[in-house]
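Novice: Have a look at the structure that comes next, please.
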Amino acid sequence: MNDFLEFLYAHIPHRWLNKKAKGTKKLFEGLAKNINYIYDFVTMIDRNNHTTKAEEILTDLENEYGIIVNPSYDLEFRRERILAKIRMQDSPITERQLVSILEMMGFYDIEIVPRNIGNDIARIGI
């Protein structure tokens, strides 16, 4: 946290703030703490983004795929069981799942319009 605090002090002109003032120090320490928290959170999300690297969400994934949760197994074995179950259930994505995924990405008011061009192809109207 002190590294980031020094980074903030180094990049804001010294004429704009008094480094010795209590309020300035408190503000910058708060900013540093928040940025550090966000960085840790993003790192955790990145780590759990793929099942092959997941740690914190393994129990949730096991429950989602109907696998008996046993924390005594090592992480690698638990990940492999989840991946095997995902491969077994490999099926086409449903319209509801597609809409849900797109809404999580920030697209709203999604309408899926079926269109026939030789074979069934769906066009997404956003």
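The values are calculated or read from the model by the stated rules, or taken from the named source; none is laboratory data. Because the structure is predicted, anything quoted here is derived from the model rather than measured. Neighbour counts run over all protein chains shown; Cβ positions are idealised from the backbone, glycine included. What goes into the accessible areas is simple: the full protein's heavy atoms, side chains included, and nothing from ligands, DNA or RNA. Shrake-Rupley method; radii C 1.70, N 1.55, O 1.52, S 1.80 Å.
Novice: Quick one: in the stretch 74-88, of everything that is more than 21 Å from the chain's Cα centre (by Cα) and surrounded by 15 or more Cβ atoms within 10 Å (Cβ to Cβ), which residue is farthest from residue 47 (Cα to Cα)?
Specialist: If we take residues in the stretch 74-88 being more than 21 Å from the chain's Cα centre (by Cα) and surrounded by 15 or more Cβ atoms within 10 Å (Cβ to Cβ), then 85 is farthest from residue 47 (Cα to Cα).
Novice: Another question, if that's okay. Can you go through 93, 101 and tell me which one is among the β-branched types (Val, Ile, Thr) and under 25 Å from residue 44 (Cβ atoms)?
Specialist: Working: 93 fails: under 25 Å from residue 44 (Cβ atoms).
Going through 93, 101 in turn, the sole match is 101.
Novice: What's the total number of residues in the stretch 8-23 that are surrounded by 10 or more Cβ atoms within 10 Å (Cβ to Cβ) and at pLDDT 80 or above?
Specialist: Matching residues across the stretch 8-23 total 1.
Novice: Go over the candidates 70, 49 one by one and state the one that is part of a loop (DSSP other than H, G, I, E, B) and more than 21 Å from the chain's Cα centre (by Cα).
Specialist: Only one candidate qualifies: 70.
Novice: Would you call residue 108 open to solvent by 100 Å² or more (accessible area, probe 1.4 Å), at pLDDT 80 or above and in a helix (DSSP H, G or I)?
Specialist: no
Novice: Filter the stretch 51-61 down to the residues that are charged (D, E, K, R) and loosely packed, with under 11 Cβ neighbours inside 10 Å and list them by number.
Specialist: 56
Novice: Can you pull out the residues in the stretch 1-45 that are hydrophobic (A, V, I, L, M, F, W, C) and not in a helix (DSSP H, G or I)?
Specialist: Matches in the stretch 1-45: 1, 12, 16, 17, 21.
Novice: Restricting to the stretch 52-67, and then to whatever is polar (S, T, N, Q) and assigned to a helix (DSSP H, G or I), can you tell me which residue is farthest from residue 9 (Cα to Cα)?
Specialist: 63
Novice: Consider residue 49 carefully, then state whether it is at pLDDT below 85 and under 22 Å from residue 84 (Cα atoms). Don't jump to the end; show me each part of the working.
Specialist: Working: at pLDDT below 85: yes; under 22 Å from residue 84 (Cα atoms): yes.
Answer is yes for this residue.
Novice: List, please: which pairs have Cβ atoms under 9 Å, are six or more places apart or on different chains, and start with a residue in the stretch 27-50 that is open to solvent by less than 80 Å² (accessible area, probe 1.4 Å) and end with one that is basic (Lys, Arg)?
Specialist: 28/19; 47/53
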